[in-house]
Amino acid sequence: MSRIGYKEIDLPEGVEISQQGNIVTVKGPKGTLSREISPLIKMSVEGNVVKFDRDEDSNQVKMVHGTTRANVNNMVEGVVNGFSKTLKLVGVGYRAQFKGNKLILTVGYSQPVEMDKPEDVDIKVPDNTTIELSSINKQHLGDFAALVRAVRSPEPYKGKGIRYENEHIIRKEGKTGK
């Protein structure tokens with residue numbers, strides 16, 4: 001049974017939600033998001049409350065029920081508050097720059113790595129070793145943050161690499177040389 005799928009979403013003031021076929025559109029103070037939902041899930045808006053229901057009780061439909069509700073809730077939260085992630089560069093000589101529409105990472109390769117900025121993700125580099133990403137779309141933000149982190153993932157011996165701000169890297173002991 002999906003517990004999350006049956007939870008109601010309370011719409012904050014200034015947020016409008018509409019559905020045309022399987023496309024759900026959420027408008028709020030920070031922007032507009034649209035997403036296609038499964039035809040197996042029925043969405044209903046009653047005043048400032050959004051409810052989700054399903055007809056079948058198969059495992060597949062139960063999974064889609066909870067996921068659909070979580071995705072729409074993230075859309076509502078995104079247009080009201082937005083989402084953000086902070087990445088830290090750890091290593092001697094590792095640094096980041098943001099010029100024009102490109103994020104330039106110098107992380108120990110022979111050439112700097114240049115990444116194009118996605119249109120709905122904002123990038124700020126307050127200092128050489130910090131990258132702040134923000135967006136109203138949680139999925140696009142997480143995907144881009146994962147791409148940046150994958151340029152130089154943290155290694156377990158010295159901890160060098162690109163990591164999320166509060167990420168804990170499990171360190172390994174090196175060879176003792178005996």
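Miscellaneous remarks
- The aspartates and glutamates within cross-link reach of Lys88, meaning a Cα-to-Cα straight distance under 16 Å and a gap of 8 or more places when in the same chain, are Asp127, Glu132, Glu155, Glu165, Glu167.
- Column: log10 I(q)/I(0), Debye, Cα scatterers of the stretch 83-164, q = 0.12, 0.15, 0.17 Å⁻¹: -0.30, -0.47, -0.61
- Restricting the chymotrypsin sites (Phe, Trp or Tyr not before Pro) of the stretch 129-178 to loop positions (DSSP other than H, G, I, E, B) with no more than 12 neighbouring Cβ atoms within 10 Å leaves Tyr157.
- Taking every protein chain into account, the accessible area of the chain amounts to 62 square angstrom per residue (probe 1.4 Å).
- Other-chain or far-sequence residues with amide H under 5 Å of Lys160's (modelled H): Glu155
- Cα centroid separation, the stretch 102-116 to the stretch 42-85: 38 Å.
- Across the cross-link table entries Lys85/Lys160; Lys42/Lys85; Lys30/Lys160; Lys85/Lys158; Lys102/Lys172, which are compared at the Cα atoms, the separations over 25 Å belong to Lys42/Lys85; Lys30/Lys160; Lys102/Lys172.
- Cα radius of gyration and Dmax for the stretch 1-87 (Å): 13.1, 43
- Helix axis angle, 59-80 relative to the chain longest principal axis, alpha carbon, degrees: 70
- Solvent-accessible area, 1.4 Å probe, carbon plus sulfur percent, for the stretch 83-164: 48
- For the chain, the longest principal axis of the C-alpha atoms and the axis of helix 138-151 are separated by about 20°.
- Helix content alone sets the calculated 222 nm mean residue ellipticity of the chain: runs of n ≥ 4 DSSP H residues at -39500 (n - 2.57) each, divided across all residues, give -7000 deg cm²/dmol.
- In the stretch 45-153, GluC sites (Glu not before Pro) in a DSSP loop with at most 14 other beta-carbon atoms within 10 Å: Glu56, Glu119
- Counting protein heavy atoms only, the stretch 9-81 has 43 percent of its accessible area on carbon and sulfur, 1.4 angstrom probe.
- Applying 0.36 nm per residue to the separation of Asp116 and Gln19 and subtracting their alpha-carbon distance, the gain on full extension is 31.7 nm.
- When all alpha carbon pairs of the chain are counted in 5 Å bins from zero, the resulting P(r) reads 1, 8, 14, 15, 13, 11, 10, 10, 9, 5, 2, 1, 1, 0, 0 %.
- Theoretical gain in end-to-end length, Thr176 to Lys124 [0.36 nm per residue, Cα-Cα removed]: 14.6 nm
The values are calculated or read from the model by the stated rules, or taken from the named source; none is laboratory data. Bear in mind that the values here come from a model prediction, so they are computed numbers and not experimental data. In this analysis, Cβ positions are derived from the backbone assuming ideal geometry, glycine residues included, and neighbour counts consider all displayed protein chains. For the accessible areas, the whole protein counts, side chains as well, though only heavy atoms, and no ligand, DNA or RNA atoms are used. Shrake-Rupley method; radii C 1.70, N 1.55, O 1.52, S 1.80 Å.
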